[in-house]
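Notes follow the structure.
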Amino acid sequence: MATVTNIQDLRRIAMRKVPRAIFHYADRGSYDEVTLKANKADLAAIALRQRVMIDVSERSTATTMIGESVSMPLAIAPTGLTGLFHGDGEIHGCRAAHAAGIPFTLSTMSICSIEDVAAAVDKPFWFQLYVMRDRKFSESLIERAKAAKCSALVLTLDLQIQGQRHMDIKNGLAVPPKLTLANALDIATKPMWAASVLMGKRHSFGNLAVRKESDSLTTLSQWIAGQFDPSLSWKDVEWVRSIWPGKLILKGVLDVEDAKIAAATGADAIVVSNHGGRQLDGAVSSISALPKVVDAVGDKTEIWFDGGVTSGQDILKARALGARGCMMGKAFLWSLAAGGQAGVAQAIKIMRRELDVSMALTGVKDINQVDRSVLAL
Ligand SMILES: Cc1cc2nc3c(=O)[nH]c(=O)nc-3n(C[C@H](O)[C@H](O)[C@H](O)COP(=O)(O)O)c2cc1C
């Protein structure tokens, strides 16, 4: 870990440490991965504007997201199965995020439950909700998030039905992991991973442990198809708004028309996102959608961004295009798999340094002063 200098190093370590099925679950996208690749390529194509001879000796990356102070405009995105990347992965991730002064979002599909994480950390975290077919159960998740004093609810809008990820099917990804001959051989070469995950509190979906169906899982994609609700509509967002009095973040908006409806719900933030290229393949990259959403509704609500964030430069570019904050999914999971809490801490540190240096080299001292003028448009 001493020679780790960027997020790609952490990704390479993760690839060696976790079983193939788990690595692919994080790393790969849906169908032909056109959108997955566009997320990164379009971010890389944005040029920053080099400025010189400006006194940048005093700098700050601190700002706020939905009124919460953050040491940099970055939050950990909700990711399912986090506890299979490292035992008790959600707790490790949350502790690293809080120690670094950035928010952590716990997924509905996490391995550690809301209560497990609440008992292990001393600051509020955010909870991500998937509204499932069983609305009573969804309501009970909201009640549990309230009881755990979660400071925001992140409602995901872009997974009414699941885009197919070929590798998850080919790898037979199941939860808890199934012991086939192929993955037994693979796991045998990953003893550190096996020990860490076996020692973790849980090995299946912690938040769903009260439900009978979660005991008899087939493959992950089959299970999701059974539980997720294609009939979801904006009425369900209103319903969630009516029973969740706290901060509400709507995640998974890419289109300006949807952004207008989302902003009209009174949400505190909208995350411009295509689920990290895991849903509609062929959709535009989220960075290309960001400025259009900012122009349309940026005066009504905070606009955030995710999709391809793996460096401080990416955060600077998103901020320049009007994102109040960013979220990271894959970069978080790679760093967690590579080194547990210390790995996540290292990833955040690397990205903050990159952001800080890039700000300085674009002649900006304060992240709150970043605007489109740092881009070479
Ligand atoms: C392995 C994995 C699992 C994910 N699980 C969830 C989830 O449970 N809920 C959710 O809202 N988004 C989920 N996402 C999407 C992320 O929250 C986020 O939108 C996306 O990862 C951002 O793109 P990036 O991975 O390029 O940073 C997941 C993403 C990954 C990579």
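Residue-by-condition table, conditions (1) in a loop (DSSP other than H, G, I, E, B); (2) surrounded by fewer than 24 Cβ atoms within 10 Å (Cβ to Cβ); (3) of a type outside the set (Val, Ile, Thr):
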| residue | (1), (2), (3) |
| --- | --- |
| Ser231 | yes, yes, yes |
| Lys235 | no, yes, yes |
| Ser242 | no, yes, yes |
| Pro245 | yes, yes, yes |
| Asp258 | no, yes, yes |
| Ala262 | no, no, yes |
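Summed over region 311-348, residues that are among the polar types (S, T, N, Q) and crowded, with 24+ Cβ neighbours inside 10 Å total 1.
Among the residues making up region 126-150, those that are part of a loop (DSSP other than H, G, I, E, B) and over 17 Å from Ile91 (Cβ atoms) are Tyr130, Val131, Arg133, Asp134.
Per-residue answers, yes or no, for (1) assigned to a helix (DSSP H, G or I); (2) within 25 Å of Leu355 (Cβ to Cβ):
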position	(1), (2)
Met72	no, yes
Gly80	no, no
Ile91	yes, no
Arg95	yes, yes
Ala99	yes, yes
Met109	no, no
Pro124	no, yes
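Among Ser311, Ser335, which is more than 24 Å from Val370 (Cβ to Cβ), of a type in the set (S, T, N, Q) and within 12 Å of the ligand (Cβ to nearest atom)? Spell out how you get there, then give the answer.
Details: Ser311 fails: more than 24 Å from Val370 (Cβ to Cβ).
Only one candidate passes the filter, namely Ser335.
Candidates Lys317, Lys292: the one that is basic (Lys, Arg), more than 19 Å from Gln160 (Cβ to Cβ) and either more than 16 Å from the ligand (Cβ to nearest atom) or more than 20 Å from the chain's Cα centre (by Cα) (or both) is Lys292. Every test in (1) more than 16 Å from the ligand (Cβ to nearest atom); (2) more than 30 Å from Ser196 (Cβ to Cβ); (3) among the aliphatic types (A, V, I, L, M) is passed by Ala41 save one, and that test is (1). Just one of (1) within 22 Å of the chain's Cα centre (by Cα); (2) at pLDDT 95 or above trips up Ala264, so point out which. Ala264 satisfies all of (1) within 22 Å of the chain's Cα centre (by Cα); (2) at pLDDT 95 or above except (1). In this entry, Val271 is excluded by the filter for residues that are under 26 Å from Pro230 (Cβ atoms), more than 14 Å from the ligand (Cβ to nearest atom), touching a strand residue (DSSP E or B) at 6+ places or on another chain (Cβ under 9 Å) and not in a loop (DSSP other than H, G, I, E, B).
Looking only at region 28-37, which residues are in a helix (DSSP H, G or I) and either touching a Pro at 6+ places or on another chain (Cβ under 8 Å) or more than 9 Å from the ligand (Cβ to nearest atom) (or both)?
Residues satisfying the conditions are Val34, Thr35, Lys37.
Taken over region 162-194, the residue count meeting the criterion of being touching a residue at least 40 places away in the same chain (Cβ under 8 Å) and either closer than 17 Å to Phe23 by Cα or in a helix (DSSP H, G or I) (or both) is 19.
For Ala225, the conditions (1) modelled with pLDDT under 95; (2) surrounded by fewer than 16 Cβ atoms within 10 Å (Cβ to Cβ); (3) away from the ligand (no atom under 16 Å from the Cβ) are fulfilled apart from (3). Considering only region 58-67, I want to know if a residue exists there that is modelled with pLDDT of 95 or more, on the phi > 0 side of the Ramachandran plot and β-branched (Val, Ile, Thr). Yes, region 58-67 contains at least one residue that is modelled with pLDDT of 95 or more, on the phi > 0 side of the Ramachandran plot and β-branched (Val, Ile, Thr).
Candidates are the residues of region 1-27 that are crowded, with 18+ Cβ neighbours inside 10 Å and outside any helix (DSSP H, G or I); the one that is nearest to the ligand (Cβ to nearest atom) is Val18.
The values are calculated or read from the model by the stated rules, or taken from the named source; none is laboratory data. These numbers were taken from a predicted model, which means no experiment stands behind them. Neighbour counts are summed over all protein chains in view; Cβ atoms, including those assigned to glycine, are modelled from backbone coordinates with ideal geometry.
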